[in-house]
There are 2 protein chains.
Amino acid sequence: MSVKIALLGCGTVGTAVAKMLKAQSKDFAQRAGDELELVGIGVRNIDAPRDPEIDRTLLTDDLEALTTKADIVIELIGGVDPARTLVLGAIKNGATVVTGNKALLAAHGPEIYEAAAEADVDVYYEAAVAGAVPVVYGLRESLAGDRVETVMGILNGTTNFILDEMETNGMSFDDALKLAQDLGYAEADPTADVDGHDAAAKIAILASLAFHTRVSIDNVPTTGIRSITAEDIAAAKRDGFAIKLLGIARRQEAGIELSVEPTLVPLDHPLASVRGSFNSVVTESAGAGRLMFYGRGAGGDPTASAVLSDVVAGASHRVYGGRAPRELTYADLPILTPDEGTSSFRIEFEIEDRTGVLTQLSGALADNNVSISTVRQSAATESSARLTVTTHEARTADVKSAIEKIKAADYVKDVLQVMRVEGN
Amino acid sequence: MSVKIALLGCGTVGTAVAKMLKAQSKDFAQRAGDELELVGIGVRNIDAPRDPEIDRTLLTDDLEALTTKADIVIELIGGVDPARTLVLGAIKNGATVVTGNKALLAAHGPEIYEAAAEADVDVYYEAAVAGAVPVVYGLRESLAGDRVETVMGILNGTTNFILDEMETNGMSFDDALKLAQDLGYAEADPTADVDGHDAAAKIAILASLAFHTRVSIDNVPTTGIRSITAEDIAAAKRDGFAIKLLGIARRQEAGIELSVEPTLVPLDHPLASVRGSFNSVVTESAGAGRLMFYGRGAGGDPTASAVLSDVVAGASHRVYGGRAPRELTYADLPILTPDEGTSSFRIEFEIEDRTGVLTQLSGALADNNVSISTVRQSAATESSARLTVTTHEARTADVKSAIEKIKAADYVKDVLQVMRVEGN
């Protein structure tokens with residue numbers, strides 16, 4: 001007897017999975033309770049060049065037929081179609097599914113989880129969020145005895161690399177993006193990364209797990225990093241902050257707040273020192289307080305490590321019984337609209353440099369229920385000054401309407417920047 | 001039907017466990033698949049004052065009788081006896097055991113794991129290592145598809161608090177220890193913490209999990225922090241290092257190297273910025289590369305969070321079948337003696353300030369297979385100089401014998417410090 005594994009996809013990650021399965025077969029057999037046997041590798045083009053360690057006799061282009069022969073199906077082809085059909089077919093056949101496909105889960109997670117529950121099979125997806133960083137395990141298992149309040153993190157290595165280059169070397173966004181593309185960190189079409197969609201898919205998955213509520217990518221208001229300049233980053237640093245693209249999911253009194261946006265993080269916060277293409281996720285929970293998980297969010301070997309841990313867990317359940325934690329939606333919390341969220345903000349105004357302006361501006365904020373935490377004024381030109389305000393926690397809607405009103409006042413020349421602040 | 005829970009011990013952690021079990025009973029029932037029912041709390045003195053939320057009708061001083069009524073026994077009484085007898089009794093009765101008792105596991109782990117395997121029951125102990133930091137889950141599950149090379153971390157919050165106070169506020173060891181005692185971070189008898197025994201018990205547990213080999217606390221050469229001065233810390237900082245008490249377990253070619261000792265960590269390494277009483281564990285593995293886990297290593301609520309996650313996992317196995325990963329010892333790797341380990345070292349010599357000394361000293365190191373990575377000489381007094389050498393990776397035995405020989409040379413006045421360097 002053995003546990004039969006079908007691998008769908010043989011790109012960077014798939015190749016690493018196949019090689020590690022072979023190199024560590026004895027270890028994995030001990031840990032899973034039985035041999036893991038790779039019975040086939042499904043690819044689009046059998047004749048394409050491959051790593052010499054890939055056993056070409058395992059290759060097939062009939063992916064559907066391959067899934068019927070396996071106890072565990074590893075889906076690494078990415079995208080929604082035909083991944084969705086293949087995964088649902090595998091579940092129907094009673095196979096355990098291991099996937100690294102965040103796009104599929106963000107778009108069709110509920111359908112897949114329900115099909116899995118009905119067929120009583122496990123679905124694993126550690127590799128779909130933050131590569132090797134074990135945050136799916138963290139939320140599904142390590143925090144199962146706790147009440148999660150916040151999940152927040154650097155979920156996209158490409159944008160973190162770009163922001164880090166802009167911070168460390170003063171590069172422009174365009175130059176840093178080009179460097180990321182040259183190094184293979186960013187794709188030719190960088191939209192999914194730099195506009196925040198990749199991070200939004202991941203925070204939706206993590207929020208579902210953390211809050212036992214159905215959260216889709218469409219629930220996540222998303223702003224990317226295209227508008228961030230090296231000057232913004234340098235100015236933030238002078239004030240004691242780093243700018244990071246954070247995915248944030250937080251339990252508020254009225255429901256779950258979600259967001260992907262460039263965010264100011266104090267320099268002594270653990271997320272501020274996450275360099276290069278690393279990923280990091282911070283959870284805050286009632287019992288454990290703050291936990292941080294940190295590691296490589298992409299790459300063949302790190303992602304393969306996450307895939308294979310899921311394979312070992314799934315195989316162990318097939319050998320010894322039991323099951324993976326199911327995707328629970330019992331809490332069914334309301335999801336807040338962007339305006340209903342609350343946060344601290346840093347706002348930079350250019351104002352007339354004359355007596356009484358600060359009083360008028362702080363009055364206008366107070367009229368909209370926004371209270372000031374810190375304020376700093378510096379001369380900009382002869383007749384104008386730059387005023388940097390950090391607010392206490394305030395409703396986003398209130399901050400927006402305060403800014404609209406202040407913009408219209410005669411003493412305000414411009415609103416230079418409005419940015420969320422976290423971790424203060 | 002319900003899953004019946006017996007709680008042994010009602011100190012800070014036990015009280016937090018009982019309160020969180022009540023406050024989150026609905027969540028836990030959803031996650032475990034059935035109600036978790038607290039059927040009794042075993043204590044030494046029923047009449048002692050307790051938190052008002054503790055249901056006194058649950059208290060009993062017959063701990064052995066209580067364990068026979070439970071599906072899951074939570075052992076939080078600490079120490080070896082009677083914890084060992086109670087845990088072995090619970091296992092024999094077929095109960096799942098959740099323990100936070102590192103002393104028990106470090107001394108009697110193998111006996112307990114074997115009894116559990118024989119009775120086919122789960123033993124969980126996330127709370128025994130680094131409190132809420134989910135590093136037992138990390139090694140048992142998240143890295144089950146990988147090959148761990150190194151586990152290394154700040155495993156004792158008390159000593160990290162003391163070293164941090166010495167670094168940040170220039171305090172002496174004695175003053176920092178007194179502050180830790182006043183704040184409740186250190187016990188009246190601080191031996192277990194400051195002499196490294198607590199960290200040694202934890203790294204032994206982690207090494208067993210990481211390397212699938214039986215490792216006991218007696219295998220861990222242990223040096224505490226009593227001899228570290230504020231001057232040592234300041235000097236290290238000037239050279240770009242923090243001094244941290246690290247527990248280290250590393251796979252070397254010849255076997256597993258183990259150590260607890262004050263260690264120099266580069267200031268830009270993630271472990272260098274772990275402040276106060278926080279804990280942090282770094283793993284290096286073939287696939288995932290470097291992962292870091294960070295959080296609160298002690299305290300009632302954080303430890304209770306770890307205990308309750310284990311309870312939910314254990315309860316879920318009782319409801320749906322399956323089992324926790326067993327403690328595997330199949331790899332059975334040799335354990336190196338302290339002298340067989342290899343590491344980089346930083347050595348400070350006081351030498352005669354005359355021509356040719358550096359040549360003689362580097363020659364003496366080379367004769368013992370120790371090669372120099374960096375060297376820095378500064379004037380100490382009129383006739384003597386201070387020489388700071390950082391070595392490349394070298395065998396500990398070779399470094400020791402080189403130092404013995406150098407000590408005897410006429411050009412050396414003193415060897416001021418020898419300290420391990422990690423994470424370069």
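The values are calculated or read from the model by the stated rules, or taken from the named source; none is laboratory data. Quantities reported herein were computed from a predicted structural model and do not represent experimental measurements. As a convention, Cβ positions derive from the backbone with ideal geometry for all residues, glycine included, and neighbour counts pool all protein chains shown.
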Going through the range A:287-303 in order, the residues found to be among the aliphatic types (A, V, I, L, M) and either out of contact with any Gly (no Cβ under 8 Å at 6 or more places or on another chain) or over 27 Å from B:GLN24 (Cβ atoms) (or both) are A:ALA298
B:GLY131 being within 13 Å of another protein chain (Cβ to nearest Cβ) and at pLDDT below 95:
yes
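Yes or no, residue by residue, for (1) surrounded by 24 or more Cβ atoms within 10 Å (Cβ to Cβ); (2) of a type in the set (A, V, I, L, M, F, W, C):
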position: B:ALA119; (1), (2): no, yes
position: B:TYR124; (1), (2): yes, no
position: B:GLY131; (1), (2): yes, no
position: B:GLY138; (1), (2): yes, no
position: B:GLU141; (1), (2): yes, no
position: B:ILE154; (1), (2): yes, yes
position: B:MET166; (1), (2): yes, yes
Give A:THR158, A:THR96, A:THR150 a once-over and let me know the one that is of a type in the set (S, T, N, Q), outside the structural domain of A:ASP218 (by TED's automatic domain parsing) and either surrounded by 21 or more Cβ atoms within 10 Å (Cβ to Cβ) or out of contact with any Phe, Trp or Tyr (no Cβ under 6 Å at 6 or more places or on another chain) (or both).
A:THR96
Unmet criterion (only one of (1) over 30 Å from A:ILE203 (Cβ atoms); (2) in contact with a Ser or Thr (Cβ under 9 Å, 6 or more places away or on another chain); (3) within 14 Å of chain B (Cβ to nearest Cβ)) for A:VAL375
(3)
I'd like to verify a number: residues in the range B:205-221 that are part of a helix (DSSP H, G or I) and touching a Gly at 6+ places or on another chain (Cβ under 8 Å), how many?
3
Is it the case, given these coordinates, that B:ALA65 is of a type in the set (A, V, I, L, M, F, W, C), outside the structural domain of B:ALA201 (by TED's automatic domain parsing) and either within 22 Å of B:VAL129 (Cα to Cα) or surrounded by 17 or more Cβ atoms within 10 Å (Cβ to Cβ) (or both)?
no
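Yes or no, residue by residue, for (1) over 30 Å from the mean Cα position of the chain (by Cα); (2) farther than 30 Å from B:TYR113 by Cα:
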{"residue": "B:ALA331", "(1), (2)": "no, no"}
{"residue": "B:LEU336", "(1), (2)": "no, no"}
{"residue": "B:GLY341", "(1), (2)": "no, no"}
{"residue": "B:ARG346", "(1), (2)": "no, yes"}
{"residue": "B:THR359", "(1), (2)": "yes, yes"}
{"residue": "B:GLN377", "(1), (2)": "yes, yes"}
{"residue": "B:ALA380", "(1), (2)": "yes, yes"}
{"residue": "B:VAL412", "(1), (2)": "yes, yes"}
{"residue": "B:ASN424", "(1), (2)": "no, yes"}
Is it true that some residue in the range A:33-44 is within 14 Å of chain B (Cβ to nearest Cβ), of a type in the set (A, V, I, L, M, F, W, C), under 26 Å from the mean Cα position of the chain (by Cα) and within 24 Å of A:ASP301 (Cα to Cα)?
no
Only one residue in B:VAL260, B:VAL281, B:VAL265, B:VAL312 is in contact with a Phe, Trp or Tyr (Cβ under 7 Å, 6 or more places away or on another chain) and farther than 30 Å from B:THR96 by Cα. Which one?
B:VAL265
Could you tell me whether any residue of the range A:202-219 is outside the structural domain of A:LYS102 (by TED's automatic domain parsing) and free of Cβ contacts under 8 Å to residues at least 40 places away in the same chain?
yes
Could we say that A:ARG250 is of a type in the set (D, E, K, R), closer than 30 Å to A:CYS10 by Cα and within 15 Å of the chain's Cα centre (by Cα) here?
no
Filter the range B:285-308 down to residues that are more than 20 Å from the chain's Cα centre (by Cα) and under 24 Å from A:ALA130 (Cβ atoms) and give me whichever is farthest from the other protein chains (Cβ to nearest Cβ).
B:ALA286
Of the numbered conditions (1) in contact (Cβ under 8 Å) with a residue 40 or more places away in the chain; (2) farther than 20 Å from B:PRO134 by Cβ; (3) small (Gly, Ala, Ser); (4) buried (at least 24 other Cβ atoms within 10 Å of the Cβ), A:ALA176 satisfies every one except a single condition; which is it?
(1)
Filter the range B:183-204 for residues that are among the aliphatic types (A, V, I, L, M) and assigned to a loop (DSSP other than H, G, I, E, B); which is surrounded by the most Cβ atoms within 10 Å (Cβ to Cβ)?
B:ALA186
Does the range A:331-340 contain at least one residue that is crowded, with 16+ Cβ neighbours inside 10 Å and within 14 Å of another protein chain (Cβ to nearest Cβ)?
yes
Counting just the residues of the range A:315-330 that are closer than 21 Å to A:VAL148 by Cβ and aliphatic (A, V, I, L, M), which one comes out farthest from the other protein chains (Cβ to nearest Cβ)?
A:ALA324
Could you grab me the full set of residues in the range A:147-163 that are in a helix (DSSP H, G or I) and either modelled with pLDDT under 95 or within 13 Å of chain B (Cβ to nearest Cβ) (or both)?
A:GLY157
Given the structure, is A:ALA144 more than 11 Å from chain B (Cβ to nearest Cβ), in contact with a Lys or Arg (Cβ under 8 Å, 6 or more places away or on another chain) and hydrophobic (A, V, I, L, M, F, W, C)?
no
Report yes if some residue within the range A:112-128 is of a type outside the set (Ser, Thr, Tyr), closer than 22 Å to A:GLY321 by Cα and within 15 Å of the chain's Cα centre (by Cα); otherwise report no.
yes
Selection over the range A:52-70 where residues are part of a loop (DSSP other than H, G, I, E, B) and not charged (D, E, K, R) yields a count of 4
Among A:PHE345, A:PHE349, which is more than 10 Å from every other protein chain (Cβ to nearest Cβ) and at pLDDT below 95?
A:PHE349
How many of the residues in the range B:257-270 are assigned to a strand (DSSP E or B), over 13 Å from the mean Cα position of the chain (by Cα) and either within 11 Å of another protein chain (Cβ to nearest Cβ) or among the charged types (D, E, K, R) (or both)?
1
Looking at A:ASP71, A:ASP34, A:ASP51, A:ASP81 in this structure, which one is exposed (fewer than 14 other Cβ atoms within 10 Å of the Cβ) and in contact (Cβ under 8 Å) with a residue 24 or more places away in the chain?
A:ASP51
Quick one: which of A:ALA70, A:ALA65, A:ALA6 is farther than 16 Å from A:VAL311 by Cβ, aliphatic (A, V, I, L, M) and away from chain B (no Cβ under 14 Å)?
A:ALA65
Step by step: first the residues of the range B:164-182, then only those that are among the hydrophobic types (A, V, I, L, M, F, W, C) and in a helix (DSSP H, G or I), then the one that is farthest from B:LEU245 (Cα to Cα). Which residue is that?
B:LEU179
